[in-house]
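Trainee: Dropping the structure in here first, questions after.
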């Protein structure tokens, strides 16, 4: 059953109606789903498991590894559910759910998982090394992640839980935390877990190794790429928001402001820099885009907004922050398929295995509980008292598009008032040629808040991806590396390589230079092929379109241009419409029906363009012109929206686009100049 808020106030919250009381209702809704699966007070937060092939515990692993994984699952369930339970307990100390006192349950189980000899003991870092037989000093364990969730919850519910422990009990928990705080971690966002563990221990009077703390902190600062974003490993994704920009503000309060003021100042500056543009990362409804890894964490992406408001000199707009947090909350909790057996499914909406990573377990989606940390803000805080506003969306004209281009993290996101959607275009992506899962997460050409990415069979065609095929060899390849150039004269330039590998000079690798720009309902493309052998064939897919069996498919032509239009409904009954247009360089538009590849619907339809199979090597048309537009209604697109291109002017006399600027004159009077010469010197990874 989906969540339906009972306490609403459309005067203070004109967009969502949600209030602080609504959020407390939502927290109880989440806890009730969890605790209906717990048979008695002694049982751990281990939930029913819908998926068993990808997620851990991995049944084909050695028994030693499975033992470690089972203890990690116990701890993950406890700590991540505590993200929700802790602020609920703080606000409602006598909260009872499914007959269990929440304060009593978490007080007992936190002590048990830290106590050697208890049936639920999850082991120290040294214990895990012994269990797994790994004495490698560089080994890291999942338990490190969860210790951080634990200390955040203990800090929030201090009066109700931490302060009720006897000194000896606190010492047991502190010794357990210390075992992970000072040991090895993963050299990316994980450093913050160790930093908060140490900061909590320091607050409570336990000794810590300050040189290790300082080393982690300086490393975190050096992951900063600008514009408020941090690089996580190689990639940019929501970990910059729900890890770096949540844990760093907490660390400032617990430790940094007092002990490392210069570093704390940088963390605060970076968070405030993110706030300058982060609200525009969400769409007009406050929806979160499905992009990057760990998207089972869903609306945890909003937690950076509330975390900023805990800083000394916060700059987030509280009314806008609450509007986005509440909008994204209802994006998920407002769906019937969000929960499976009472807990968030392993998917973006319902169960969707292509999204899931092997480091997750059934309880992993509870990371979205970070969104509930806003309940730690007191009821008189501006986050709760300000009137909701919708930021940029309130200031845009009805067909206006606002484009934000950030070179640091290579992110370009456009807010489309005509459709209410936000479209993300990314760069600085490096994935192994065989990692199609990674390419779905990171190297789609566009990510749309209303059209979550479509998976595929690894062959072709693919949604929002170029796929190259050599018909003579029957071999396909997709773009696995995306270089970033940035925006020039409203056109975004990138380059994608097919089967990129370090074993070959990059000029011997097939590639496509990307040039695209926003139009009121979507993105127009004017891409240039950079191929070294032919004949080859390429396909390019639109977004996956949810299909309930009643989708209407129509075709339109205008001169040599062709469009395919889909009209239908998503799984929630909302009207959907998508159109793909080709107007140069492509041979045909075709339609493929899929099953099990769409996060929103069991069945889906993919419109895709393909080139001529007989393409030969030589000086011939290089430019591929296409467009994908969408809207959340069945109102017909206007002729000039389906076919926006009025005239194309090439520099080369043969009109192939081999060299020189290309001038596109649109029917709305706008002109776009596409010029690929010169991008070579500014390509970035």
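The numbers here are math on the coordinates, done by the rules we state, and not lab data. All values derive from a computational prediction rather than experimental measurement. Don't worry about glycine lacking a Cβ; one is built from the backbone with ideal geometry, like all the others, and counts go over all protein chains shown.
Trainee: Over all directions, how big on average is the projection of the convex hull of the alpha-carbon atoms in the chain, in square nanometres?
Mentor: On the way: hull surface 119.1 nm².
That works out to 29.8 nm².
Trainee: Let me ask something else. Give the Cα extents of the stretch 379-497 along the principal axes, in whole Å, largest first.
Mentor: 65, 36, 27
Trainee: Stretch residue 502-residue 394 to full length: gain in nm at 0.36 nm per residue minus the Cα-Cα span? Please report the intermediate quantities before stating the final value.
Mentor: Numbers: separation 108, 0.36 × 108 = 38.88 nm, distance 4.73 nm.
Net length gain for the segment: 34.2 nm.
Trainee: How are the Cα pair distances of the stretch 580-685 distributed, in percent, across 10 Å bins from 0?
Mentor: 11, 31, 34, 20, 4
Trainee: Using only alpha-carbon positions, what ratio does the radius of gyration of the stretch 501-598 give when scaled by 2.2 N^0.38 Å? All intermediate terms of the calculation are to be shown ahead of the outcome.
Mentor: On the way: Rg = 16.9 Å, N = 98, 2.2 N^0.38 = 12.6 Å.
For the stretch 501-598, the normalised Cα radius of gyration comes out at 1.34.
Trainee: Taking R0 as 22 Å, what's the FRET efficiency between residue 639 and residue 553 from their Cβ-Cβ distance, rounded to 0.05?
Mentor: On the way: r = 19 Å, r/R0 = 0.85.
For R0 = 22 Å, the calculated efficiency reads 0.75.
Trainee: Same structure again: Considering only C-alpha atoms, what is the centroid distance from the stretch 130-160 to the stretch 452-504, in Å?
Mentor: Centre-to-centre distance over Cα atoms comes out at 39 Å.
Trainee: At a 10 Å Cβ-Cβ cut-off, how would you order 328, 633, fewest neighbours first?
Mentor: On the way: 328 26, 633 11.
The most exposed by this proxy come first: 633, 328.
Trainee: Give me the number: length gained by fully extending residue 675 to residue 587, i.e. 0.36 nm times residue separation minus the C-alpha to C-alpha distance, one decimal in nm.
Mentor: On the way: separation 88, 0.36 × 88 = 31.68 nm, distance 2.37 nm.
Full extension of this stretch gives 29.3 nm more.
Trainee: Let me ask you something else. Please give the Cα centre distance for the stretch 43-110 versus the stretch 202-231, rounded to the nearest Å.
Mentor: Each part reduced to its Cα centre gives a spacing of 28 Å.
Trainee: Moving to a separate point now. Mind checking the angle between helix 102-114 and the chain's longest principal axis? C-alpha axes, 0 to 90 degrees, to the nearest 10.
Mentor: Computed tilt is about 90 degrees.
Trainee: Further, regarding this structure: Using the C-alpha gyration tensor of the stretch 195-246, what are the square roots of 5 times its eigenvalues, in whole angstrom, with the largest one first? Before the final figure, lay out each step's value.
Mentor: Values: eigenvalues 127, 28, 12 Å².
Equivalent ellipsoid of the stretch 195-246: 25, 12, 8 Å, largest first.
Trainee: In whole percent, what relative contact order does the chain give with Cα contacts below 8 Å and a gap of six or more residues? If you can, show how the numbers build up before the last one.
Mentor: Values: 1446 pairs, mean separation 71.8, N = 685.
Worked out over the chain, it gives 10 percent.
Trainee: Same structure again: Over the stretch 542-625, how many percent of alpha carbon pairs lie in each 10 Å bin up to the one with the longest distance?
Mentor: 17, 43, 26, 12, 3
Trainee: Would you please put 175-185, 91-101, 419-429 in order of how densely packed they are, using the mean number of other Cβ atoms within 10 angstrom per residue and starting with the highest? Don't skip to the answer; put the middle values down first.
Mentor: Details: 175-185: 21.5, 91-101: 15.4, 419-429: 23.5.
Listed from highest to lowest mean packing, they are 419-429, 175-185, 91-101.
Trainee: Moving on to the next point. Using only the Cα atoms of the stretch 20-391, what do you get for the radius of gyration and for Dmax, in Å?
Mentor: For the stretch 20-391, the Cα radius of gyration and maximum Cα-Cα distance read 19.2, 56 Å.
Trainee: Give the residues of the stretch 86-123 whose amide nitrogen is closer than 17 Å to a point set 7 Å from the Cα of residue 379 in the direction of its Cβ.
Mentor: Zone members listed by number: 87-95.
Trainee: If r is the Cβ-Cβ distance from residue 258 to residue 459 and R0 is 56 Å, what FRET efficiency results, to the nearest 0.05?
Mentor: The value I calculate is 0.50.
Trainee: Sticking with the crude label model, points 7 Å out along Cα→Cβ, report the distance from residue 572 to residue 219 in nm, one decimal please.
Mentor: 4.0
Trainee: Of all alpha-carbon pairs in the stretch 400-682, indicate the percentage at a distance above 25 angstrom. Intermediate results must be reported in sequence, preceding the final value.
Mentor: Working: 17021 of 39903 pairs.
Of all Cα-Cα distances in the stretch 400-682, 43 percent exceed 25 Å.
Trainee: Here's a follow-up. Does the stretch 86-183 classify as rounded, prolate or oblate by the C-alpha gyration tensor (a ≥ b ≥ c root eigenvalues; a/c under 1.5 gives rounded; else a/b over b/c gives prolate, otherwise oblate)?
Mentor: Details: a/c = 2.22, a/b = 2.11, b/c = 1.05.
In terms of gyration-tensor shape, prolate.
Trainee: Using only Cα atoms, tell me the angle between helix 318-333 and the longest principal axis of the chain; keep it within 0 to 90° and round to the nearest 10.
Mentor: Rounded to the nearest ten degrees, it is 80.
Trainee: Further question: In whole Å, what is the distance between the alpha-carbon centres of the stretch 586-610 and the stretch 357-383?
Mentor: Their Cα centres are 34 Å away from one another.
Trainee: In degrees, nearest 10, range 0 to 90: what is the angle between the Cα axis of helix 210-222 and the longest Cα principal axis of the chain?
Mentor: It is inclined by approximately 20 degrees.
Trainee: Full-extension gain between residue 387 and residue 276, please, as 0.36 nm times their residue separation minus the C-alpha to C-alpha distance.
Mentor: Values: separation 111, 0.36 × 111 = 39.96 nm, distance 1.94 nm.
Going from the current span to full extension adds 38.0 nm.
Trainee: With runs of 4+ DSSP H residues as the only contributors, calculate the mean residue ellipticity of the chain at 222 nm using -39,500 (n - 2.57) per run, divided by the residue total and rounded to the nearest 500.
Mentor: Working: 16 runs with 184 residues, N = 685.
Result for the chain, helices only: -8000 deg cm²/dmol.
Trainee: What are the semi-axes of the equivalent ellipsoid of the stretch 140-263, taken as the square roots of 5 times the eigenvalues of the Cα gyration tensor, listed largest first and rounded to whole Å?
Mentor: Those come to 25, 14, 14 Å.
Trainee: Could you work out the relative contact order of the stretch 400-682? I mean the mean sequence separation of Cα pairs under 8 Å and 6+ apart, divided by the number of residues, in percent.
Mentor: Details: 710 pairs, mean separation 42.4, N = 283.
Across the stretch 400-682, relative contact order equals 15 percent.
Trainee: What is the spin-label model distance, in nm, from residue 470 to residue 7 if the labels are put 7 Å beyond Cα along the C-beta direction?
Mentor: Using points 7 Å along Cα→Cβ, the separation is 6.5 nm.
Trainee: Right, something else. Using a Förster radius of 41 Å, what is the FRET efficiency between residue 649 and residue 432 based on their Cβ-Cβ separation? Nearest 0.05, please. Working shown, then result.
Mentor: Details: r = 40 Å, r/R0 = 0.99.
For R0 = 41 Å, the calculated efficiency reads 0.50.
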